[in-house]
Amino acid sequence: MKPPPFNYVAAATVDHAVELLNGDTDARVIAGGQSLMPLLNLRLASPELVVDIGRIDALNTITVDGEGLTIGAAVTQAKVAGNTGVLGGWPLLVEAIGLIGHAQIRNRGTLCGSLAHNDPLAELPAVSIALDASVTVSGPNGERVVPIDDLLTGPFMTSLEPGELITSAHYPTLRAETGWAISEFATRTGDFATAGVVTRLIVEGGVARDSVVVLFGLGPGPQRSAVVEAAINGASTPSLSEAVLAQLDASIHPNDDVHATADARREFAARLATESVSEAWAIAEARRGGST
Ligand SMILES: Cc1cc2nc3c(=O)[nH]c(=O)nc-3n(C[C@H](O)[C@H](O)[C@H](O)COP(=O)(O)OP(=O)(O)OC[C@H]3O[C@@H](n4cnc5c(N)ncnc54)[C@H](O)[C@@H]3O)c2cc1C
C-alpha cells in the first residue's frame, strides 16, 4: 500500500523541529523511518506533516565522558554498534543491536526512535531499562530529562507530550565488574523476538548483587522480574531453582499470538532467564578476573 499524502520538512535544528511539531498541523517526527513508514503504508498513521530530524547535525553525535554515554536521536543503530566507545563501555547495547532485524534496518533505524516507538518486542527498550538509561526531551516548554522507566508507559506508548521529541539517550557508566546478557527466541534470524530476557548484575566475592532482570515478549511490555532479581541477589550460584522458575511462571502474563502460544512463551521464560542469568554471571566473573 502507499501512504496517505503528507507534507515533509527536514528540520535544520532542534528548535526548528519543536516549532514544526507545535504548529497548526498534525505533525509527527520521523527519524530512521523503519517503524513509521510501515505505519504510514498500512495507513495506521496519517499525519499531515512529517518532521525529519535525521539531518540535524547536533543530534548525530555519540559522546562518551565521565558522565557516561550519550547518543543523539539521529544516530543510527548501526553507528551505535560500530562505535568503539560503546563497545568498550556498553557492549550489551552492541549485542542487542545485533539482534535487530537486518543490516538495512539497523543502517537507518535509530536507537532513540526505538525507545520512542516502544514496540513491546523490541530489544532496546528492555536493554535500556537494564542499563538504567534516561532520555533528554525537548518541547514547547524547554528541555527535560526522563528516566527510562517513566518514559515507557505501555505497548507503543510513552510519556512524551504532544509536540515533544527525544533528543538523546543517556547511559550511565557501568562498573568494570558488571556482567550482562541478552537471550531471546526468534522464529527466524532477523525477526522480532518472540520472547527475551536481559540481565545485568555484579558478582563480588562469588556473590551476586545489584541485579536487574528485564523480560520482554512475556507480558504487555518490557518489565523487571522481581522474582528472578530477588533470587539472584545474595546468591552464590547463577542457577535458578525449580521453585524460582515456578514463581517466575506465576508472575508473568504472556499472550497467545501468531508467533507463539502463551504456554510456549512460559517455557521460553524459564529457559531464557536461566540462560541470561548464567551468561551474565560468567561475564561478570571473567571481567573480575580481567579476561574480557
Ligand atoms: C523488517 C523490520 C524488522 C525489524 N526488526 C526489529 C527487531 O528485530 N527489533 C527491534 O527492536 N526493532 C525492529 N525493527 C524496528 C526498527 O528497530 C526501527 O528502526 C525502530 O523501532 C524505530 O526507529 P526509527 O528511527 O526507524 O523510527 P521511526 O520509524 O522514524 O519512528 C518510529 C516512531 O517513533 C517516533 N520517533 C522516532 N524518533 C523519535 C524521537 N527522537 N522523538 C520522538 N519521537 C520519535 C516517530 O514519530 C514514530 O512514531 C524492525 C523494522 C523492520 C522494518
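General remarks:
- Every residue from the stretch 5-22 that is within 14 Å of I53 (Cβ to Cβ) and in a strand (DSSP E or B): Y8, V9, A10
- Enumeration of residues in the stretch 218-230 that are modelled with pLDDT of 95 or more and open to solvent by 10 Å² or more (accessible area, probe 1.4 Å): P222, Q223, R224, A226, V227, E229, A230
- Within the stretch 135-162, the set of residues being more than 10 Å from the ligand (Cβ to nearest atom), surrounded by fewer than 18 Cβ atoms within 10 Å (Cβ to Cβ) and over 21 Å from T61 (Cα atoms) comprises P140, N141, D149, D150, T153, G154, P155, M157, S159, E161, P162.
- Pairs with Cβ under 7 Å, 6+ apart, first in the stretch 119-148 and under 21 Å from E95 (Cβ atoms), second surrounded by 20 or more Cβ atoms within 10 Å (Cβ to Cβ) and basic (K, R): A130/R200; L131/R200
Conditions (1) in contact with a Pro (Cβ under 8 Å, 6 or more places away or on another chain); (2) farther than 27 Å from P220 by Cβ; (3) open to solvent by 60 Å² or more (accessible area, probe 1.4 Å), marked per residue:
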position: L245; (1), (2), (3): no, no, no
position: P254; (1), (2), (3): no, no, no
position: R265; (1), (2), (3): yes, no, no
position: F268; (1), (2), (3): no, no, no
position: V277; (1), (2), (3): yes, no, no
position: R288; (1), (2), (3): no, yes, yes
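- Any hit, the stretch 196-212, residues being closer than 30 Å to R106 by Cβ, open to solvent by 60 Å² or more (accessible area, probe 1.4 Å), modelled with pLDDT of 95 or more and under 18 Å from the mean Cα position of the chain (by Cα): no
- Qualifying residues in the stretch 163-191 (those that are among the hydrophobic types (A, V, I, L, M, F, W, C) and crowded, with 19+ Cβ neighbours inside 10 Å) - the one farthest from E229 (Cα to Cα): L165
- Residue within the stretch 213-234 that is closer than 29 Å to V64 by Cβ, out of contact with any Pro (no Cβ under 7 Å at 6 or more places or on another chain), touching a residue at least 24 places away in the same chain (Cβ under 8 Å) and assigned to a helix (DSSP H, G or I) present: yes
- Strands (runs of 3 or more DSSP E) (entirely within the stretch 23-134) containing at least 2 residues that are touching a helix residue (DSSP H, G or I) at 6+ places or on another chain (Cβ under 9 Å) and either within 7 Å of the ligand (Cβ to nearest atom) or open to solvent by less than 40 Å² (accessible area, probe 1.4 Å) (or both): 27-30, 49-52, 68-72
- Qualifying residue in the stretch 234-242 (condition: open to solvent by less than 60 Å² (accessible area, probe 1.4 Å) and under 22 Å from L124 (Cβ atoms)): no
The values are calculated or read from the model by the stated rules, or taken from the named source; none is laboratory data. All of these numbers come straight from a predicted model, not from anything done at the bench. Cβ: placed from backbone, ideal geometry, glycine included. Neighbour counts: every protein chain shown. Quick note on the areas: whole protein, heavy atoms, side chains included, nothing else; ligands and nucleic acids left out. Shrake-Rupley method; radii C 1.70, N 1.55, O 1.52, S 1.80 Å.
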